[in-house]
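Visitor: First the structure, then my questions, so here it is.
The values are calculated or read from the model by the stated rules, or taken from the named source; none is laboratory data. Model, not experiment: these values are computed from the prediction. Here the Cβ is made from the backbone with ideal geometry for all residues, glycine too, and neighbour counts use every protein chain on show.
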């Protein structure tokens, strides 16, 4: 099969003809939050921000829902507890029936430490992997990287994005809106 | 979030100065990133000299372990009646050192202690390296480290046996391996935004690739941060009971036995307090050196160091209380073996070890009641080192003095460490310092994104105020 670079780009949604959104930058986290709130009041729903540290208040300002991570983690944690209990019961009471130190073959009390540790271990893996999965990471490319100052979003700039998926999106007008709330270096970003 | 900025009363600037000082967010990024980014070949000579010294000591560790495996466990001084000696002492010592890292990253996070942000990265790295050093001792005490998988419940064909879950030793296997894994995940999670910063600043192709892959495509999106903060909170929430459980389980190795001097219910809290005490002292030693060599005085201020010294004072006093309690219970129990063990501990053949531990762990940290002393760099450097020596002695005293006098006087003995014992322990110190030096050179030692959060908040709070110049830099 011959690989056509244009087809690959098309499939991945990368292409010069596609618009990712408009991005503008701010110097200060508080300006970003204010601007974000104003932009949202204009009726936009698909917004994002890129910041060097978690800016508190931006989630509410641009309408980002609370993380669902806890719902992923809880069942996995309980599975960890159950795994440990089953393991200890199977090993002690089914597989190797040795009476050691006059202790019962299986009991809740001596299972507590390992049940606790496996709960923690499972929780940690669920949190770690769940967080990356919810974030859609790892990934090698993202259209927002085409913005000329995207590298400063991890340094000292606070970017506000109106995504092209937004029903109210219009490259010209949205850029104008971003400028009107005080964003600098507003650009229509292709992706 | 309120739109009204709350600013500090200017009259209070002396009592409540800003925690970190940096001109702006960009200069903060510059300051921390340039440590990592500099040309490897242009690293100062003193770094290479230090690294070659610690590296040679690490080679000594490898040589000792090779010698042990090739010859047998008898090259260590462990013998009847002291079957557990320096190996377990060193294991407990290193695990304890690690506890400060988790305390700073997890417990202080839950208590919203902003000062943790300047020190958490290096403390977490220290945790990982300390647990690696700790793991060496039980692993090689098995005599056949290549059979270490027998410790884990994995089906195997070479022994038709399973683990005994009634034994605290298997609990320890689970506790320590969970502790290492969770600490690693926590540390890496915190590192990703900073790796993204380094990726965005990287000039050379290789660095762009390496940091690009390690940062997993992090772009600081508000959605990312929301999930990230949820994950951070969960990891902190589980690490808090985890860190308390790990040293509790380590203490169960002793407390569930019937040896006088070990068989006490005070062990879990006593061990945890001691672990945090020694760990903070170790963080202090490393930070004081790093702060001075890398010019981090504006980020790791006297305030940070003073707070750490306060924790050292509190945990040192808890340890002192536990010592007193042990003696009281030994007398109050009316058990002659228990009474003898404690009398023997303080006035028997190991009196020098016991008194060195009481002095270093209980009496010397009391100097920190005085603000002048707990804000003096030389005082805290010396105390951080004496504390760690004292805490090593504590583990040695608990382990050796309880075993040295068996129930039958014919089985009494005295422990003599061999040169292999000493060189192995020295070797783990070398390994620990080598790993830390490599970390400090190639990864951001201070959590850039977290300190930025604090800096940005303080810029608003201290609007238009000039912080008083700090004396005693």
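Visitor: Given the conditions (1) at the interface with another protein chain (Cβ under 9 Å from one of its Cβ atoms); (2) in contact (Cβ under 8 Å) with a residue 24 or more places away in the chain, report the number of the one that residue B:227 does not fulfil.
Guide: (2)
Visitor: Sticking with this structure for a sec: Out of B:350, B:323, B:337, B:358, I need the residue that is farther than 23 Å from residue B:275 by Cα and surrounded by 15 or more Cβ atoms within 10 Å (Cβ to Cβ). Which one?
Guide: Only one candidate qualifies: B:337.
Here is a yes/no grid of residues against (1) modelled with pLDDT of 90 or more; (2) within 14 Å of another protein chain (Cβ to nearest Cβ); (3) in a helix (DSSP H, G or I); (4) more than 16 Å from the chain's Cα centre (by Cα):
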residue: B:237; (1), (2), (3), (4): yes, yes, yes, yes
residue: B:251; (1), (2), (3), (4): yes, yes, yes, yes
residue: B:279; (1), (2), (3), (4): yes, no, yes, no
residue: B:287; (1), (2), (3), (4): yes, no, yes, no
residue: B:291; (1), (2), (3), (4): no, no, yes, yes
residue: B:297; (1), (2), (3), (4): no, no, no, yes
residue: B:306; (1), (2), (3), (4): yes, no, yes, yes
residue: B:315; (1), (2), (3), (4): yes, no, yes, no
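Visitor: If the requirement is being in contact with a strand residue (DSSP E or B) (Cβ under 7 Å, 6 or more places away or on another chain), over 22 Å from residue B:188 (Cβ atoms) and at the interface with chain B (Cβ under 9 Å from one of its Cβ atoms), which of these qualifies: A:186, A:161?
Guide: One residue alone meets the criteria, A:161.
Visitor: Name the single residue, out of those in the stretch A:107-117 being assigned to a helix (DSSP H, G or I) and more than 7 Å from every other protein chain (Cβ to nearest Cβ), that is nearest to the chain's Cα centre (by Cα).
Guide: Of everything passing the filter in the stretch A:107-117, A:115 is nearest to the chain's Cα centre (by Cα).
Visitor: Kindly establish whether residue B:301 is at negative phi and surrounded by fewer than 19 Cβ atoms within 10 Å (Cβ to Cβ).
Guide: no
Visitor: Inspect the stretch A:46-58 for any residue being farther than 26 Å from residue B:448 by Cα, at pLDDT below 90 and not in a strand (DSSP E or B) and give the result as yes or no.
Guide: Within the stretch A:46-58, one or more residues are farther than 26 Å from residue B:448 by Cα, at pLDDT below 90 and not in a strand (DSSP E or B).
Visitor: Being surrounded by fewer than 21 Cβ atoms within 10 Å (Cβ to Cβ) and touching a residue at least 24 places away in the same chain (Cβ under 8 Å) is true for just one of B:151, B:139, B:184. Which residue is that?
Guide: Every option except B:184 fails the conditions.
Conditions (1) facing chain B (nearest Cβ under 7 Å); (2) at pLDDT below 90; (3) assigned to a helix (DSSP H, G or I); (4) crowded, with 19+ Cβ neighbours inside 10 Å, marked per residue:
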position: A:105; (1), (2), (3), (4): no, no, no, no
position: A:126; (1), (2), (3), (4): no, no, yes, yes
position: A:129; (1), (2), (3), (4): no, no, yes, no
position: A:136; (1), (2), (3), (4): no, yes, no, no
position: A:141; (1), (2), (3), (4): no, yes, no, no
position: A:152; (1), (2), (3), (4): no, yes, yes, yes
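Visitor: Being within 30 Å of residue A:20 (Cα to Cα) and touching a helix residue (DSSP H, G or I) at 6+ places or on another chain (Cβ under 8 Å) narrows it down to one of A:114, A:188, so name that one.
Guide: Answer to the selection: A:188.
Visitor: Right, here's the next one. Determine whether the stretch B:13-21 contains at least one residue that is out of contact with any helix residue (DSSP H, G or I) (no Cβ under 9 Å at 6 or more places or on another chain), assigned to a helix (DSSP H, G or I) and surrounded by 11 or more Cβ atoms within 10 Å (Cβ to Cβ).
Guide: Checking the stretch B:13-21: not a single residue is out of contact with any helix residue (DSSP H, G or I) (no Cβ under 9 Å at 6 or more places or on another chain), assigned to a helix (DSSP H, G or I) and surrounded by 11 or more Cβ atoms within 10 Å (Cβ to Cβ).
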